[in-house]
1. Say each of residue 82 and residue 163 gets a label point 7 Å from the Cα, pointing the same way as Cα to Cβ; how far apart are those two points in nm?
2. So how exposed is residue 39, as accessible area in Å² (1.4 Å probe, rounded to 10)?
3. Determine the calculated [θ] at 222 nm for the chain from helices alone, applying -39500 (n - 2.57) to every DSSP H run no shorter than 4 residues and normalising by the residue count; nearest 500 deg cm²/dmol.
4. With Cβ to Cβ distances under 15 Å as the rule, what net charge do the other residues near residue 165 carry (K, R +1; D, E -1)?
5. Pick out, in residue order, every one of the GluC sites (Glu not before Pro) in the range 108-180 that is DSSP loop and has at most 11 other C-beta atoms within 10 Å; say none if there are none.
6. Using alpha-carbon pairs under 8 Å, 6+ residues apart, how would you state the relative contact order of the range 55-198 in percent?
7. In Å², and per residue, what accessible area does the chain have when probed at 1.4 Å with the other protein chains present?
8. Could you check which residue among 165, 179, 112 shows the biggest mean-square fluctuation in a GNM of the chain with a 10 Å Cα cutoff?
Amino acid sequence: MKKVILTVAVMFGLGLTQANAEVLGGLKLDANTSGFILSDMPGMESKLGFGLSVGGYTKIQFNDRIGFQPEILLHYKNSKMKMGNIERDFQYFGIELPLYLSVHATENLFINVGPYVGIGLDARLKEGPGNLPVHEFYKEYNNQDSEWHRWDFGAGLMLGWEFGNGLQVTAGYKIGFINPMREAGNSTMLNQTISLGLGYRF
């Protein structure tokens, strides 16, 4: 984590000190479909569901081709978790900070790639058949630590097209590298998100 922060600080400093650097900004709205890649969890299945992300970004353009684009996104993710014959809704709210290297392949086509850091605000399974109770993964039950920790870290890839008026159309994929479960043994559940979005550069 310290290396990521140091890299961001150095790139930000370089962007501001170069005479030809240009600082831009914009807003984003994404529709997403998300779920989990499960490993060593027999009897469980994750199905993709739909959600939304909203936020903004700052872009430090070093030259016509290369830039650095940090973002901040507030997102809602929804998927299905199937355990045996029972299927329940999984809902997640969180904040995410992608840190992209942005490359313009052409004047309009750009590719963003880089890591992201996220923090969960709420994660829960909602009621299913038989009026099963809501289960909150960040909540402490019986004075025990929560089942999940809130931090996430992963990588993302985004393809986009920017029109002459600043409107952007994007498609992206992100995968998490951190297992959220505190006591998982050999089991893992890594989040993955596919998004389609609109943006506007000021």
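1. 4.0 nm
2. About 50 Å², ignoring ligands and nucleic acids.
3. Numbers: 1 runs with 16 residues, N = 202.
Estimated from H runs of four or more residues: -2500 deg cm²/dmol.
4. Working: positive: 201; negative: 107, 162.
Combined, the nearby Lys, Arg, Asp and Glu give -1.
5. On the way: sites: 127, 136, 140, 147, 162; in loops: 127, 140, 147.
Those satisfying the criteria are 140.
6. Details: 330 pairs, mean separation 23.3, N = 144.
Taking the mean separation of contacting Cα pairs over the length of the range 55-198, I get 16 percent.
7. Numbers: 11290 Å² over 202 residues.
With all protein chains present, the chain gives 56 Å² per residue.
8. The residue with the greatest mean-square fluctuation here is 165.
The values are calculated or read from the model by the stated rules, or taken from the named source; none is laboratory data. Note that this is a predicted model, so its numbers are computed, not measured. For neighbour counting, all protein chains shown are included, and Cβ atoms are generated from backbone atoms with ideal geometry for every residue, glycine included. Just so you know, the surface numbers come from the protein's heavy atoms only, side chains and all, with ligands and any DNA or RNA stripped out. Shrake-Rupley method; radii C 1.70, N 1.55, O 1.52, S 1.80 Å.
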